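Asks: Before I ask anything, let me first share the structure, which is written out below as structure tokens.
The values are calculated or read from the model by the stated rules, or taken from the named source; none is laboratory data. A quick note: this is a predicted structure, and the numbers were derived from the prediction, not measured. Positions of Cβ are generated from backbone atoms using ideal geometry, with glycine treated the same way; all protein chains shown enter the neighbour counts.
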Amino acid sequence: MHPDSVSARLFGFHRRLFGLFLIGSLFGASADRLAAADSKGQTLVYLGTYTGPKSKGIYLCRLDNATGALSGLELAAETENPSFLAIHPGGRFLYAVNETGSGPNRAGYVAAFALDSAGGKLTAINKQPSGGGGPCHLVVDKAGQHVLLANYGGGSVAAFPIDKAGKLGESTAFIQHTGSSVDPQRQEGPHAHSINLDAANRFAVAADLGLDKVLVYRFVTEKGTLAPNDPPSASVKPGAGPRHFAFHPKGRHAYVINEMQSTVTAFQYDAAKGVLSEVQTLSTLPADFKGDNSTAEVQAHPSGKFLYGSNRGHNSIAVFAIDPGTGRLTYVENKSTEGRTPRNFGIDPSGRYLLAANQQSDSVVVFRIDPATGRLSSTGKQLEVPSPVCVKFLAVK
């Protein structure tokens, strides 16, 4: 072959290679820019409160996804004691318990709101009696067809249908818990403290502080019915006082935080049968802490690598690493919430930040989550919020 032909072919090959490199570089740069743009967006944050001299209802702010800063506080809707919130999976509606005893037979209420995702404001739709006193927790099912709630004072759980306009109908299910446990002051009767649904929308799990049980119900989405599973519950240690519950993102494990003994219990979860089997129970407190404490919230990180629980008294978030195979927990740290009585906290959808709601110091404090270790570090960002008790997120599209 003539040397000039070889040179020409080599030149053409190098030119094509350079072109591919340039396209790849541009694509990579574009991908980086898109990722950066995404991280610079905002997430709506809804805050449930206890109303009184300072608070009027549900509040709203915006989380800067890049810096963790919170925007100025806005009143999203006036409503009484909206102590726990749930956002419809379609993002168009928000539901709140009204933790009162002012309804029929001293029941509280569950309230429905239309949600303007552009501005974040809420518009009242309607409300229904909760069926029992002191409703304290609720969830919207995965299909967006029903609200399920727990009545702490009444010791019961219930389900309410949602129509296409977000309006709540009369309850389709109501179950009154019965029994007691070992503490005559706190466990003289049932106190349902939370209700959650598994990933398949087939089983509802209710932690009852008064019974020291985590009850499991078969849930029929189309009808909104609840029926006891077989077996009907899993027990925790006497006097533990199970409060809030969290499924692992992969669905094979679950966790309940026990308010009265300041512990967290890990379970294996048989999703086909709705059966919980205890694996381990650990303290949420450092070994050298001797003061009074009670726990409140528990949540798994979206990655499934970490579990977080709040301590009221020690005023900290307990951090645990999760074994991906067994679901067992390993203690990582306790991080001060920089305030008093962290009733609740929320992990933003990206998994970058944890927002701690300090009820007694009227503050929401932002922490950054280390993706490798799960440890929390202070961002220096916080917002004054009156009596915050619930944190929920809605990504802005």
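Asks: Does any residue of the stretch 284-303 turn out to be in contact with a Gly (Cβ under 9 Å, 6 or more places away or on another chain) and charged (D, E, K, R)?
Replies: There is at least one residue in the stretch 284-303 that is in contact with a Gly (Cβ under 9 Å, 6 or more places away or on another chain) and charged (D, E, K, R).
Asks: From the set of residues in the stretch 80-130 that are surrounded by fewer than 23 Cβ atoms within 10 Å (Cβ to Cβ), charged (D, E, K, R) and over 23 Å from Val396 (Cβ atoms), which is farthest from the chain's Cα centre (by Cα)?
Replies: The selected residue is Arg106.
Asks: If Lys127 meets every condition in (1) under 30 Å from Gly210 (Cβ atoms); (2) touching a Cys at 6+ places or on another chain (Cβ under 9 Å) apart from one, which number is that one?
Replies: Condition (2) is where Lys127 drops out.
Asks: For the stretch 325-370, give me each residue that is in contact with a Gly (Cβ under 7 Å, 6 or more places away or on another chain) and not in a strand (DSSP E or B).
Replies: Ser361
Asks: List the number of the failed condition for Gly91; all other conditions in (1) in a loop (DSSP other than H, G, I, E, B); (2) touching a Pro at 6+ places or on another chain (Cβ under 6 Å); (3) within 18 Å of Val147 (Cα to Cα) hold.
Replies: (2)
Asks: Scan (1) modelled with pLDDT of 50 or more; (2) more than 24 Å from Ile347 (Cβ to Cβ); (3) outside any strand (DSSP E or B); (4) not basic (Lys, Arg) for the single condition Leu75 breaks and write down its number.
Replies: Just one mismatch for Leu75, condition (3).
Asks: Looking at Glu338, Glu297, Glu333 in this structure, which one is in contact (Cβ under 8 Å) with a residue 12 or more places away in the chain and either crowded, with 21+ Cβ neighbours inside 10 Å or out of contact with any strand residue (DSSP E or B) (no Cβ under 6 Å at 6 or more places or on another chain) (or both)?
Replies: Working: Glu338 fails: either crowded, with 21+ Cβ neighbours inside 10 Å or out of contact with any strand residue (DSSP E or B) (no Cβ under 6 Å at 6 or more places or on another chain) (or both); Glu333 fails: either crowded, with 21+ Cβ neighbours inside 10 Å or out of contact with any strand residue (DSSP E or B) (no Cβ under 6 Å at 6 or more places or on another chain) (or both).
Just a single option satisfies the conditions, and that option is Glu297.
Asks: Shifting gears a bit: Does Thr43 satisfy being farther than 30 Å from Gly132 by Cβ, modelled with pLDDT of 90 or more and in a strand (DSSP E or B)? Explain how you work it out, then say what you get.
Replies: Numbers: farther than 30 Å from Gly132 by Cβ: yes; modelled with pLDDT of 90 or more: yes; in a strand (DSSP E or B): yes.
When the stated conditions are applied, Thr43 passes them.
Asks: When the stretch 97-111 is examined, which residues are found to be within 15 Å of Tyr152 (Cα to Cα), part of a strand (DSSP E or B) and of a type in the set (A, V, I, L, M)? Show your work before the answer.
Replies: In the first step, residues of the stretch 97-111 are kept if they are within 15 Å of Tyr152 (Cα to Cα); the result is 97-103, 105-110.
Next, only the ones that are part of a strand (DSSP E or B) stay: 97-98, 109-110.
Hits for the stretch 97-111 are Val97, Val110.
Asks: How many of the residues in the stretch 87-117 are out of contact with any His (no Cβ under 9 Å at 6 or more places or on another chain), in contact (Cβ under 8 Å) with a residue 60 or more places away in the chain and not hydroxyl-bearing (Ser, Thr, Tyr)?
Replies: Here the count works out to 5.
Asks: Quick check on the stretch 264-277. Is at least one of its residues among the charged types (D, E, K, R), in contact with a Gly (Cβ under 7 Å, 6 or more places away or on another chain) and either modelled with pLDDT of 95 or more or not assigned by TED's automatic domain parsing to the domain that holds Leu215 (or both)?
Replies: Initially, the stretch 264-277 is screened for residues among the charged types (D, E, K, R), giving 270, 273.
Then keep just the ones that are in contact with a Gly (Cβ under 7 Å, 6 or more places away or on another chain); that gives none.
No: zero hits.
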